[in-house]
Amino acid sequence: MWCYRGGSISAEPRINDRIRVPEVRLVGPSGEQVGIVPLAKALELAQEYDLDLVEVAATARPPVCKLMDYGKFKYESAMKAREARKNQAHTVIKEMKLRPKIDPHDYDTKKGHVVRFLKQGDKVKITIMFRGREQSRPELGFRLLQRLASDVEELGFIESNPKQDGRNMIMVLGPHKKKTEAMAEAREAQAARKAERQGITSDEAPEAPAEEAPVAEAEAPTDTTEA
């Protein structure tokens, strides 16, 4: 009985002299069907085209092989996989903490952060922190959470209803947009802003008079106001 004793199984296809079958079903470099030919003939054609003979369907009878530039194929496959990983979206859970008796200014600031997170396609965990006698008034936290959910309903929905967790009350908001959609919109907006800046610079910017030296722009003051 056959027994596997360990070691890695290569995912690489067999190519050229590593192919050990008497005949193959050959596919040409442009995808055309050549038909069933002896292995020796397939290898001869590969040399004529200066390409590799690559086994693309080992379980077929006979195996299917294609004439291709295997090095170029591997490079393009690696680039596609890299691009797919770069565009892969991971949903992140952000957290925002509030007090039951939060003042209007702080509430607006916190809500702004929640809006930004939802626009980015992230979930937001809202935590209401009770202290002292506030623990006897859980309805304050519940109403605050309901108010926040209502204020951002165009961007998100209640994924997990408010529930008490010790001294805290927790609610989770989920974004209407998927992370991939939010990332795509952000890239489009960035490209549009870049194109607009380049258009203004190249087409609309007035030329400085020849007899005058260009005036340097004043540096904008740094905004040190905290959110």
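Of note:
- Candidates Glu154, Glu76 - the one that is without any contact (Cβ under 8 Å) to a residue 40 or more places away in the chain and under 30 Å from Leu39 (Cβ atoms): Glu76
- When the stretch 19-54 is filtered for residues that are in a strand (DSSP E or B), of a type in the set (A, V, I, L, M) and surrounded by fewer than 18 Cβ atoms within 10 Å (Cβ to Cβ), the ones remaining, listed by number, are Val34, Ile36, Val37.
- Scanning the stretch 112-132 finds one or more residues that are loosely packed, with under 15 Cβ neighbours inside 10 Å, at positive phi and assigned to a helix (DSSP H, G or I).
- Tally of residues being among the charged types (D, E, K, R), in contact (Cβ under 8 Å) with a residue 12 or more places away in the chain and open to solvent by 20 Å² or more (accessible area, probe 1.4 Å) across the stretch 55-70: 2
The values are calculated or read from the model by the stated rules, or taken from the named source; none is laboratory data. Worth saying up front: this structure is predicted, and the values here are computed from it rather than measured. Heads up, the Cβs are rebuilt from the backbone with ideal geometry, glycines too, and the neighbour counts pull from every protein chain shown. Accessible surface areas use protein heavy atoms only, side chains included; no ligands, DNA or RNA. Shrake-Rupley method; radii C 1.70, N 1.55, O 1.52, S 1.80 Å.
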